[in-house]
Each structure stands twice: as C-alpha cells, then as structure tokens.
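**Q** First, the structure itself, so that you have it in front of you.
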Amino acid sequence: MKISVIIPVYNKADYIRGCVESLLTQDFDDFEIVAVDDGSTDESGRICDELAKAHARFHVHHTTNQGVTAARRYAVEQAKGTYVVFVDSDDALMPHALQTLYDQIEETHTDEVIGTFCTQDGVQSPVVYQGETEPEPLIRQIITGKNRFPVLWAIIFRKEILQGCLDTPRDIIEGEDKLMQVKVLMKEPKVNFIPDCVYRYTLGLPNSRNHTLEREMLYDDILRQVLAPKWDCMKAAFTLHQLKEYEKFIHNKQYGVRKAYYETTLNSQLSTPNSQLPLYDRLVWMLPPQVGRRLVMLYRWVINKKQKNL
C-alpha cells in the first residue's frame, strides 16, 4: 500500500460524503482511506459504515470521543501505507492530488511534501516556499502564527516520521495540528514545497473552542519541552508566540491573564531590547491591557483591510 488517507470524523454528517467522494475520484489507485469516527453524536458514524460497505478501500473505526489527535493517532496505527495524507472530514482533496503528492515525495526522496490549498470559494493560498526548505524557519513561523503555508493538510508524510508526534493531550483543542508539525520538524526531516494546489479547505465553519488560560499554559509547557533541544535559537520565537497569545486574550477582554501568567513569563524576557521581537508586539505589551487592546483592534482592522484589497 502506497498511501493511507487519514480522516478524523466528529459530527460532520453534512460533509463526510463530499470529502470521501473527492478521494474516491482520485486518479491514483494504490491507496486506502482510514476514517475514525471519534464518538460522533450525529449521523456521521452511520454514514461512514455505509461508505465502508460500498467501497472496499474505505475502512472505518469507531472509538469513544478522545479528541482529534487521538483519532489521527489511532488511524495512523491502523494504516498500511508507506505514506500518510491527512484530510479533515469537512474538507476535500483536489483532483490529481494524491498522484501529485506521491510523485513529488518519491522523486525528491523527502520526508514530507507540502502543497498549497484553496478555500471552497476558490481563493488560493500563497506560494511561500518552493523546493527543499530547512525546518528551523518553518518552526519559527508556525509557533509565532506567521505561517502562510499548510501545517497538516495538503501534505504527504513518510509514515515513519510521524512516530511520537501524535501524543498531544486531548485538553489541547486548539493548535494541536501546529504542535504535531513542530514535533515532526524538530526531527530535522527533509521538507519539500510544491506550488500545486492539492487541497480544498472549508473556511468559516463555526466551532466551540474556548481560548482559556489553563489550556494555553498547558500548551506552552508542552511547546517548551518540544523546543528544548533547540532552545537557544527558538527562545525568541517562543516569546513572540506568547505575546501573540496574550494579544488574543486581551482582544477578548480577558485582561486578568497578564497578572495571572504573562507577567511572570514575559517580563524577564522583555526587560532588555530584543531586535528579534517586532515593535508592534512590544508596544502592546508595554501598554495597560485595556489600552493595548485598542492597538490590537486597530492592527487587525488594517490587516483585514489589506487582505480585502488583494
């Protein structure tokens, strides 16, 4: 088996058929689809069972709800393919995607090949990198939220490189895909970027994820441990990650996080000039949270205005 396509499924009854159809119409023969119904409470599980009966390459496993990372890990454990491609159950692969990704990873002898994606409205992601790229700058962009490239989907992975990278606790319900990719990149794999659009991302679906301080503190603790082998060159990026999360909190008027957590972790790192940290983020930190929020809102307004004019 050349490719295993992994689909974690949780309450996506309105989307799963379309997702699977985009896979079954691929012009690539040697692949399987491994879906994990993560304790869905809607019709997702029944639909997956129907698809499994109708299509020999579609395999479904039903588990109690343990979160998306656990579902992906379980699917990878069942996977028979040399390579793994992750697809979310409300998204789809573009025509020829599997053939394109497979040809590239075989030709380049790399550990992962990263393509581009488009939204359901046809808006395509930018081509940021092309060809083989060093892992360190990718890690910095991912943890600071500046990545303009996919971090989990629109990618084909060599299966072995995923070992030990799908163990994020289920309490982490936001940014778990980024954490997984950082773990992969910390292994210093060979990464190759291609400009081909291979994935369709469904933008704008509602979610109930709450940005809580407890979860962010756990996330930061795990991220520190992951970055530890390269801490000297990653410390500034980690600090910027914390600043960006602080900005999210004060944008939501959660001003108490400053004294509860961030003053302890950031003051010592920001007490001396650091050219690696953007002036905007340093200014937000220097201001009282209520005033800093106004700057954050202005900055986001400007960014949104620029994006609409592209």
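**Q** Can you tell me what share of the DSSP beta bridges in the chain is antiparallel? A percent to the nearest 5 is fine. Spell out each step's value before the answer.
**A** Details: 12 of 36 bridges.
The antiparallel fraction comes to roughly 35 percent.
**Q** Using θ = phi - 60° and the Karplus curve 6.51 cos²θ - 1.76 cosθ + 1.60, what whole-Hz ³J(HN,Hα) does each residue of the range 277-288 get, with Gly and Pro shown as x?
**A** 9, x, 4, 4, 5, 5, 5, 4, 5, 5, 7, x
**Q** How about the range 212-277: which trypsin sites (Lys or Arg not before Pro) there are in a DSSP loop, with at most 13 other Cβ atoms within 10 Å of their Cβ? Each step should come with its number before you reach the end.
**A** Values: sites: Arg215, Arg224, Lys230, Lys235, Lys244, Lys248, Lys253, Arg258, Lys259; in loops: Lys253.
Counting only loop positions with at most 13 other Cβ atoms within 10 Å, the trypsin sites (Lys or Arg not before Pro) in the range 212-277 are Lys253.
**Q** From largest to smallest, what semi-axes in whole angstrom does the chain give when each is the square root of 5 times an eigenvalue of its alpha carbon gyration tensor? All intermediate terms of the calculation are to be shown ahead of the outcome.
**A** On the way: eigenvalues 246, 92, 72 Å².
Value: 35, 21, 19 Å, ordered largest first.
**Q** For the range 5-71, what does the convex hull of the Cα positions come to per residue, in cubic angstrom? Before the final figure, lay out each step's value.
**A** Details: hull volume 5.0 nm³, N = 67.
Per-residue hull volume (Cα only) is 75 Å³.
**Q** Averaged per residue, what accessible area in Å² does the chain show with a 1.4 Å probe, protein chains only?
**A** Details: 15210 Å² over 310 residues.
About 49 Å² of surface per residue is accessible.
**Q** Note the angle between two axes, namely the Cα long axis of helix 176-185 and the longest principal axis of the Cα atoms of the chain, as a number of degrees from 0 to 90, rounded to the nearest 10.
**A** Tilt relative to the chain: about 90 degrees.
**Q** Counting only protein heavy atoms and using a 1.4 Å probe, what share of the accessible area of the chain belongs to carbon plus sulfur, as a whole percent?
**A** On the way: 7550 of 15210 Å².
Its accessible area is 50 percent carbon and sulfur atoms.
**Q** Among the listed pairs Lys12/Lys146; Lys159/Lys183; Lys12/Lys80; Lys80/Lys159; Lys146/Lys259, which are separated by more than 18 Å between their Cα atoms?
**A** Details: Lys12/Lys146 29 Å; Lys159/Lys183 14 Å; Lys12/Lys80 25 Å; Lys80/Lys159 9 Å; Lys146/Lys259 26 Å.
From Lys12/Lys146; Lys159/Lys183; Lys12/Lys80; Lys80/Lys159; Lys146/Lys259, over 18 Å: Lys12/Lys146; Lys12/Lys80; Lys146/Lys259.
**Q** Also, I was wondering about something else. What do you get for trypsin sites (Lys or Arg not before Pro) in the range 131-184 restricted to DSSP loop and a cutoff of at most 15 other Cβ within 10 Å of the site's Cβ? Before the final figure, lay out the partial values.
**A** Working: sites: Arg140, Lys146, Arg148, Arg158, Lys159, Arg170, Lys178, Lys183; in loops: Lys146, Arg148, Arg170.
Those that pass, being in a loop and sparsely packed, are Lys146, Arg148, Arg170.
The values are calculated or read from the model by the stated rules, or taken from the named source; none is laboratory data. No experiment lies behind these values; they were computed from the predicted model shown. When we count neighbours, we look across all protein chains shown, and the Cβ atoms used for this are built from the backbone with ideal geometry, even at glycine. These area figures cover heavy atoms from the full protein model, side chains too; ligands, DNA and RNA do not enter into them. Shrake-Rupley method; radii C 1.70, N 1.55, O 1.52, S 1.80 Å.
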